[in-house]
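The values are calculated or read from the model by the stated rules, or taken from the named source; none is laboratory data. None of the values given here were measured: they were computed from a predicted structure. All Cβ positions, even for glycine, are placed from backbone atoms using ideal geometry, and neighbour counts span all protein chains on display. Protein only, heavy atoms only, side chains kept; ligands, DNA and RNA dropped before computing areas. Shrake-Rupley method; radii C 1.70, N 1.55, O 1.52, S 1.80 Å.
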Amino acid sequence: MQIECYAQRLLNPFRGVVQVIRYASAEAVTTDGVEWDIYVANDALLEGLGRAGRRAQISDIRYGHWSAQTGLKRGPLYPSDDFKRLEEMGAVVYEHLLAVHRDVPFKFRDRFELWLLDRADRPLALLHSVCNASETDTRPPLDWRAGMAATASFRSTAVAESTESAAACLTRAVNGLASGVAQWFRRSDDGAALGLHTLRGGEPLRGRVLDADAFPALFLATREMDPTQAQLVDDYHAWQAPWLLLLADLDDATRHALEARACEQGELLEKHCRLYPRVIDRPALQAARVAAALARTTPPSSRRDEIFSLDYLELGLSARE
């Protein structure tokens, strides 16, 4: 049995990427390239279940938490023969983690994608992705969601006068364009896709082939949206910029634009930048990281004093002019 290293997107909505080191039923995972959690699962419980075992849920057991700074902090130990076997799998993953943790980001492997379709049967919004064809029998929610984080912090001038949150407006706009049908696709290296089975109808769509251009690079299609809705999506992508930069296949223009918006969110940029596959404007990102670090280490009272002194300076300059 071999050790696998890969990346997978966190979806509906897109909220980052998880890096995975997996051996048997043990895995180490990270979303920032610094803090790693190691879990093991008792896959022996699935023996004899056949196809039904594919849907069975088995609980993960925490093997430990690791970072280069703090080392390994072990999880609870259980005196049993089963746990000894799980310990051995966890140890294999841990040893491999020590060897390859600097090699992130890993290559994406979640090429099976579930898309919500619009009324013309075109991909509208990405709902889910998995690494293996056998996992496409999962049944996630078939409506697109802006997410709880967006409800808390996403703002857009496009709907500034709405009584609803920007997240609610965007969720309603996207789902309002949907046909209700969702389809699984297997994406190829060039971005093209083979249509697989569908959910909630659309069976004749199985077997179709779509070019890469049919799939929006940032997971939401705006072709049927009015200007207000399109602006809402653009603002949402700007808000998502620190996460979207984790994607490997962005063209230079898109990546450069997202970097500029990510620099406005220094804390999130700092959290994810170690996993960016490419950087266009490295000095700008470094400056944003430095600014975020200074903000973290400056006491709140000092920040208020700085703001006051800058205002005072501006007033002084105006008076002399």
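The table below lists the values:
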read-out	value
Considering residues of the range 131-160 that are under 18 Å from the mean Cα position of the chain (by Cα) and among the charged types (D, E, K, R) only, the residue least open to solvent (accessible area, probe 1.4 Å)	143
Test: residue in the range 219-231 that is within 18 Å of the chain's Cα centre (by Cα), free of Cβ contacts under 8 Å to residues at least 24 places away in the same chain and open to solvent by less than 20 Å² (accessible area, probe 1.4 Å)	no
Index of the failed condition, residue 204 passing every other in (1) part of a helix (DSSP H, G or I); (2) within 24 Å of the chain's Cα centre (by Cα)	(2)
Check on residue 212, in contact with an Asp or Glu (Cβ under 9 Å, 6 or more places away or on another chain), open to solvent by less than 30 Å² (accessible area, probe 1.4 Å), without any contact (Cβ under 8 Å) to a residue 60 or more places away in the chain and on the phi < 0 side of the Ramachandran plot	no
Residues (surrounded by fewer than 13 Cβ atoms within 10 Å (Cβ to Cβ) and among the hydrophobic types (A, V, I, L, M, F, W, C)) located in the range 99-130	99, 120
Residue list for the range 232-254, filter: closer than 19 Å to residue 18 by Cα, surrounded by fewer than 16 Cβ atoms within 10 Å (Cβ to Cβ) and among the hydrophobic types (A, V, I, L, M, F, W, C)	248
Conditions (1) more than 27 Å from residue 164 (Cβ to Cβ); (2) without any contact (Cβ under 8 Å) to a residue 40 or more places away in the chain; number of the one not met by residue 248	(2)
Residues within the range 144-185 that are out of contact with any Pro (no Cβ under 9 Å at 6 or more places or on another chain), assigned to a loop (DSSP other than H, G, I, E, B) and either touching a residue at least 24 places away in the same chain (Cβ under 8 Å) or not acidic (Asp, Glu) (or both), tallied	8
Any chance residue 188 is outside the structural domain of residue 11 (by the TED database), surrounded by fewer than 21 Cβ atoms within 10 Å (Cβ to Cβ), in contact (Cβ under 8 Å) with a residue 24 or more places away in the chain and within 27 Å of residue 18 (Cβ to Cβ)	yes
Residue match in the range 255-264 (condition: open to solvent by 50 Å² or more (accessible area, probe 1.4 Å), outside the structural domain of residue 155 (by the TED database) and under 20 Å from residue 167 (Cβ atoms))	yes
